[in-house]
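Structure record follows, encoded as structure tokens.
The values are calculated or read from the model by the stated rules, or taken from the named source; none is laboratory data. Predicted model only: the values in this text are computed from it and were never measured. Using ideal geometry, Cβ is built from the backbone for each residue, glycine included, and neighbour counts are taken over all protein chains shown. Please note that ligands, DNA and RNA were not included when accessible areas were found on the heavy atoms of the full protein model with its side chains. Shrake-Rupley method; radii C 1.70, N 1.55, O 1.52, S 1.80 Å.
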Amino acid sequence: MGVVVSLEDGKKRPEASIEPLVRLVTGDMDRVNALILSKAGSDVTMIPEVANHLISSGGKRLRPMLTLAASQMCGYGGDDHIKLAMAVEFMHTATLLHDDVVDESDMRRGKLAARKLWGNQASVLVGDYLLGQAFRTMVETGNLQALQILSDAAAIIAEGEVMQLAVAKNMATTEDEYLAVIRAKTAALFSAAAELGPVAAGRPRDEEAAFRSYGNNLGLAFQLIDDALDYGGSSAALGKNVGDDFREGKITLPVVLAYRRGSDEERAFWKRCLQDGAAEDADLVTAIEFLRKHKAIETTVERARHYGAMAKDALAPFKDGAHKRALLDVVDFCVSRVH
């Protein structure tokens, strides 16, 4: 069942795009993609089959592009940023393989999830292989600080996964608790990807902190828009089925807000559908009605715009240039996906 909710706020905004970023990093990204294909190889046939199913499925490669653009913006002149960007993408791919198993998802980027084709065990183990390859490649750079950043991110992401299990189906989850989950699960890798640029270039600590803040806030905005789109977007925009979060019993920010703002009867509905796992197909329409009634989706989008503004502010001290403008455009693109 398809349900479309308008996420517009009535304000006309210029169309945002990541094309300026893509153009700036296209040469480096070709090298990253070649390295990705090389490092995804193995004599164990199933490994490249499973890995390439997801790697070649049309993801935007946004996180490694952040590493490349930040490196260029900071004046880095070596080759290590290629390896670091590849490691970032492998970490992201591994988390997607693992997430789909944990969430029992059927679709990923508009295609059947790897677990539906090869099974849960293969998806988990190939994800582990990609993480191993990511760390092998990080070590090749000899940059201990970069290794520290990505190692920390890997641990934080895993913590986020466990935190999500702890709040799963718990309707008492607060907004702060939910934000802590997505800060770990999603924002940590965005933050690491951006911070690697000034680290590779040997820039001062304040510049590292600025890019770290940019990535963290961009990641929060990105995930909150995803949360909103699940109840008001399209399958094409999401790369999964609209309403999957609801069907999987996920507690996301729109639900947290609607539950807290709702009546006792409405809260009983959310508990039955999400906490007790007794949702029926028709319940998605009712859920969206409650979300609209309490402006939960609009509030979620407002929160995303807030973090997007913080991401932009983090780069404010840097001088104007093509790379800075492209990174600011990325923020607008991520938030404008609701239009």
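Assorted remarks:
- The range 282-339-the range 109-152 distance, computed between alpha-carbon centres (Å): 28 Å
- Rolling a 1.4 angstrom probe over the range 74-216 with all protein chains present gives an accessible area of which 53% lies on carbon and sulfur atoms.
- Top of LEU96, LEU147, LEU117 by mean-square fluctuation, Gaussian network on the chain, Cα under 10 Å: LEU117
- The longest part of the chain holding none of the exposed loop GluC sites (Glu not before Pro), meaning those outside H, G, I, E and B in DSSP with at most 15 other Cβ atoms within 10 Å, is 105-279.
- The Cα trace of the range 14-106 gives Rg and Dmax of 14.6, 49 Å, the first to one decimal, the second as a whole number.
- Shown in residue order for the range 295-305 are the 3J(HN,Hα) couplings computed by the Karplus curve 6.51 cos²θ - 1.76 cosθ + 1.60 at θ = phi - 60°: 6, 5, 5, 4, 5, 4, 5, 4, 4, 4, 5 Hz (x for Gly and Pro).
- When you restrict to C-alpha pairs under 8 Å that are six or more residues apart and normalise by the size of the range 159-280, the relative contact order lands at 28 percent.
- Radius 14 Å from Cβ of GLY249, net charge of other residues (Lys, Arg +1; Asp, Glu -1): -4
- Förster radius 30 Å - calculated FRET efficiency between SER56 and ARG23, Cβ distance, rounded to 0.05: 0.85
- Student exercise, the chain dipole from Lys, Arg, Asp, Glu Cβ charges, in Debye to nearest 20: 640 debye
- Taking the longest Cα principal axis of the chain as reference, the axis of helix 188-200 is set at about 20 degrees.
- Theoretical FRET efficiency, 1/(1+(r/R0)^6), r = Cβ-Cβ of THR286 and LYS169, R0 22 Å, to 0.05: 0.75
- Modelled FRET efficiency - R0 56 Å, ASP264 with ASP79, Cβ distances, 0.05 increments: 0.35
- Between helix 19-39 and the chain there is an angle of about 80 degrees, using the helix long axis and the longest principal axis of the Cα atoms.
- Dividing the mean sequence gap of close Cα pairs (under 8 Å, 6+ apart) by how many residues the chain holds gives a relative contact order of 24 percent.
- Convex hull per residue volume in Å³, alpha carbons only, for the chain: 123 Å³
- Top of ASP80, ASP176, ASP227 by mean-square fluctuation, Gaussian network on the chain, Cα under 10 Å: ASP176
- The range 19-121, relative contact order [Cα under 8 Å, separation at least 6], %: 29 percent
- Near GLY277, once Lys and Arg are set to +1 and Asp and Glu to -1 for all other residues with Cβ below 15 Å from its Cβ, the sum equals -4.
- Helix 283-293 axis, angle to the chain major axis (alpha carbon atoms, nearest 10°): 80 degrees
- Helical content of the chain, expressed as a calculated mean residue ellipticity at 222 nm, amounts to -22500 deg cm²/dmol (DSSP H runs of 4 or more residues, -39,500 (n - 2.57) each, divided by residue number, nearest 500).
- For the chain, modelled as a GNM whose springs connect Cα atoms under 10 angstrom apart, the maximal fluctuation among ALA70, ALA282, ALA316 occurs at ALA282.
- Å² per residue, accessible surface of the chain at 1.4 Å: 43 Å²
- Across the range 251-266, rounded Karplus estimates of 3J(HN,Hα) from the backbone phi angles (6.51 cos²θ - 1.76 cosθ + 1.60, θ = phi - 60°) give 8, 10, 4, x, 5, 4, 5, 5, 5, 6, 8, x, 7, 4, 5, 5 Hz, Gly and Pro being marked x.
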